[in-house]
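Reading through the structure tokens given below for one structure.
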């Protein structure tokens, strides 16, 4: 199945939540009752108050007297304008232009699919001709180390690890030393999931960041925050807190196939202006792909409504 078809299928639940009101917009045009219904549907999809206000204001200002189908086009174009700045170059391009080794620090709360996303990204980078190295800095859970090892064997990428309970910063230190010695292209560090509200755990990430910069000036070059698309507006709160603490440089949004709240990506793009590097709509390796704003808008609204 082509990527756009998988994306459209993945966003089915979110799209279903807004589609009936969009059909009425096409059928009846811009009247107050329909606008109110469209607004409620977009908010239910967790598109976010700021983004929805911008979209509805555009409709109200320019929609009167226009063809109903044009009103839908206006809504989609406004959404695209919000999302377009969040689209970035592919990570492969960014990494090739960067220093060696290029260091990616992967962060996020528990259960967002961070380890899997890191491994899928490592596989993708290897397929692009690079030499990646995985670092198992989630030392709180033996299962996390084991999961990364299994992925490493599957995709043919070396994993630097310590025992469960070890200091995660020490693992990071050894990972950078190994990367320098072996001449790898990119280091992907999988950290333990942590609540964004836990100060001590967030301080641990700041410590990792300091050590990375000491051992390799400029590192980490990418602080990649993985968010679970099913949590809706809570994902925006997580992104805001991680960004304030660490300076997030990119987002990976996973599990969009299991939610009616896929619009949270719009809220994050409107509020935080952080580039969206990757989006995931399934368990397979090919289900984690670059974020492309136009495809996302077409898949969210449906190219035909």
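Of the conditions (1) in contact (Cβ under 8 Å) with a residue 40 or more places away in the chain; (2) in contact with a strand residue (DSSP E or B) (Cβ under 9 Å, 6 or more places away or on another chain); (3) surrounded by fewer than 21 Cβ atoms within 10 Å (Cβ to Cβ); (4) more than 21 Å from residue 254 (Cα to Cα), residue 111 clears all except one; give me its number. So residue 111 meets the others, but not (4).
Residues checked against (1) buried (at least 16 other Cβ atoms within 10 Å of the Cβ); (2) closer than 30 Å to residue 7 by Cα:
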| position | (1), (2) |
| --- | --- |
| 180 | no, no |
| 188 | yes, yes |
| 191 | yes, yes |
| 213 | no, no |
| 219 | yes, no |
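Checked against the criteria, residue 189 does not count as assigned to a helix (DSSP H, G or I), closer than 26 Å to residue 96 by Cα, at pLDDT 95 or above and in contact with a helix residue (DSSP H, G or I) (Cβ under 9 Å, 6 or more places away or on another chain). Annotation note: of 79, 74, the sole residue that is within 19 Å of residue 31 (Cβ to Cβ), out of contact with any strand residue (DSSP E or B) (no Cβ under 6 Å at 6 or more places or on another chain) and at pLDDT 80 or above is 74.
Remark: pairs (first residue in region 162-180, touching a residue at least 24 places away in the same chain (Cβ under 8 Å) and at positive phi; second residue outside any helix (DSSP H, G or I) and surrounded by 15 or more Cβ atoms within 10 Å (Cβ to Cβ); Cβ separation under 9 Å; 6+ apart in sequence or on different chains) = 165/139; 165/140. Evaluate the following for residue 144: is it at pLDDT below 90, more than 17 Å from residue 103 (Cβ to Cβ) and touching a strand residue (DSSP E or B) at 6+ places or on another chain (Cβ under 8 Å)? Criteria met by residue 144. Only a single criterion out of (1) in contact with a helix residue (DSSP H, G or I) (Cβ under 8 Å, 6 or more places away or on another chain); (2) surrounded by fewer than 21 Cβ atoms within 10 Å (Cβ to Cβ); (3) modelled with pLDDT of 85 or more is not satisfied by residue 237, namely (1).
The values are calculated or read from the model by the stated rules, or taken from the named source; none is laboratory data. Because the structure is a prediction, the values reported are computed rather than measured. Cβ coordinates were reconstructed from backbone atoms using ideal geometry, including for glycine residues, and neighbour counts include every protein chain displayed.
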